[in-house]
1. Against the condition touching a residue at least 24 places away in the same chain (Cβ under 8 Å), within 30 Å of residue 361 (Cα to Cα) and among the hydroxyl-bearing types (Ser, Thr, Tyr), how does residue 216 come out, does it pass?
2. Mind checking which strands (runs of 3 or more DSSP E) fall wholly inside segment 1-95 and carry at least 1 residues that are over 24 Å from residue 171 (Cα atoms)?
3. Does segment 291-301 contain any residue that is touching a Phe, Trp or Tyr at 6+ places or on another chain (Cβ under 7 Å) and open to solvent by 10 Å² or more (accessible area, probe 1.4 Å)?
4. Looking at 236, 247, which one is assigned to a helix (DSSP H, G or I) and either open to solvent by 30 Å² or more (accessible area, probe 1.4 Å) or at pLDDT 95 or above (or both)?
5. Does at least one position in segment 63-76 carry a residue that is under 30 Å from residue 321 (Cα atoms), surrounded by 17 or more Cβ atoms within 10 Å (Cβ to Cβ) and in contact with a Phe, Trp or Tyr (Cβ under 9 Å, 6 or more places away or on another chain)?
6. State which residue is farthest from the chain's Cα centre (by Cα) when the search covers only segment 133-162 and only residues that are part of a loop (DSSP other than H, G, I, E, B) and of a type outside the set (Ser, Thr, Tyr).
7. Exactly one of (1) exposed (fewer than 14 other Cβ atoms within 10 Å of the Cβ); (2) closer than 16 Å to residue 6 by Cα; (3) over 21 Å from the mean Cα position of the chain (by Cα) is unmet by residue 81. Its number?
8. Looking only at segment 163-184, filter to residues that are part of a helix (DSSP H, G or I) and acidic (Asp, Glu); which one of those is farthest from residue 357 (Cα to Cα)?
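The values are calculated or read from the model by the stated rules, or taken from the named source; none is laboratory data. These numbers come from a predicted model, not from an experiment. Heads up, the Cβs are rebuilt from the backbone with ideal geometry, glycines too, and the neighbour counts pull from every protein chain shown. Side chains included, ligands, DNA and RNA excluded: accessible areas come from the protein's heavy atoms. Shrake-Rupley method; radii C 1.70, N 1.55, O 1.52, S 1.80 Å.
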Amino acid sequence: MRILRRLCWFLGKLCPVKKNKVIFQNFYGRGYGDNPKYIADALIASDRRVDLVWVVANDRPEDLPASFRTVRFQSLRYIYEMSTARVWVDNCRKQYCMKKPNQYYMQTWHGGLGMKKIENMVPDKLGEDYVRMAKRDASQVDVMLSSSDTLTSDYRNFFWYPEGEIIQKGLPRNDRLLNYTEEDVKRIKEALDVQDDCKLLLYAPTFRDDHNLSVYDIDYPRLKKALETRFGGTWKILLRLHPNVFKLSNDIEYDPDVLINASYYPDMQELYMIADMMITDYSSVIFDFLLIERPSLLYASDVAKYRVERDYYFDFNDLPFALCETNDQLESAVLHFDEQAYAERIAAFKDRHGICETGRASEYAAEWILNKI
């Protein structure tokens, strides 16, 4: 099958490019979400005649706009759609693809600043196959999207992308965090069957290479009690596992009065909007969440082991978020959370890294695409 696909890619070079076609991918067909979703929404709002194609792994996402056609990831039809699209929009590295000189590739990536080292920061930990794929992918990219001075520098130094165009106007998915209403919050809570007056903590850890669930060992009832003691009201915890392991969320036992499985919810940004607080371990999601300046903490019981496996981009002491390695420390950090000191640390961190979310990143990305088609 692999040989057949590569043959089809070569044959695809003979197919003419359709000037107004744009094809989108999100985590290899997972659903309508992340940066590609918000760029697509901006294109639709532009009211220009664009042939929109969304890549799916399985069925058509329920929230996919009617104006989209769909194609199954890695199918032969997928190769045809890719070969004839004017612009590719993706948030992950592409596997074997052949871009023509009159095609354009926008790589949005799926994280801003990161907690852990990635890409060419740790090539020896990624494996030869991934490094080869990443280099090939980067060689075809025409533009990347950035939300900070630090991220732009990282693209140049660690993403095998030393000279290509970078639009540093923010990440499209974060536009929503700067532009949403109480009606949006109500709608999202209803979708998750959460009461309007219920406060929510979003727990969104990253994955481990061995897909180990034991590291997600927060004492949820204890955490809930601490949250209610410190902040008042009734709290529940939303669990959101990383896209690489989200199906493992089915193996976790849920007390509906304490814990809700939000791993299948299609749009992470909407979970930020309803969350009153966040906990993660080494995930970049915390740098998106800091934009709305609500309380955040880090919890990880495998800090030393993870340093060996992946290593850290930031020194924990340089972050505005307190690190907890045990449930005792986590309970204490919640009970003694200082909101004023936290706000000051967040402001200093934003300034130090040149974070530049504009609330219009989707528009800038869509404008770039429209100029190409």
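1. no
2. Ranges flagged: 18-24, 68-72.
3. Scanning segment 291-301 turns up at least one residue that is touching a Phe, Trp or Tyr at 6+ places or on another chain (Cβ under 7 Å) and open to solvent by 10 Å² or more (accessible area, probe 1.4 Å).
4. Only one candidate passes the filter, namely 247.
5. no
6. That would be 162.
7. So the condition that residue 81 fails would be (1).
8. Looking at the filtered set, the residue picked out is 183.
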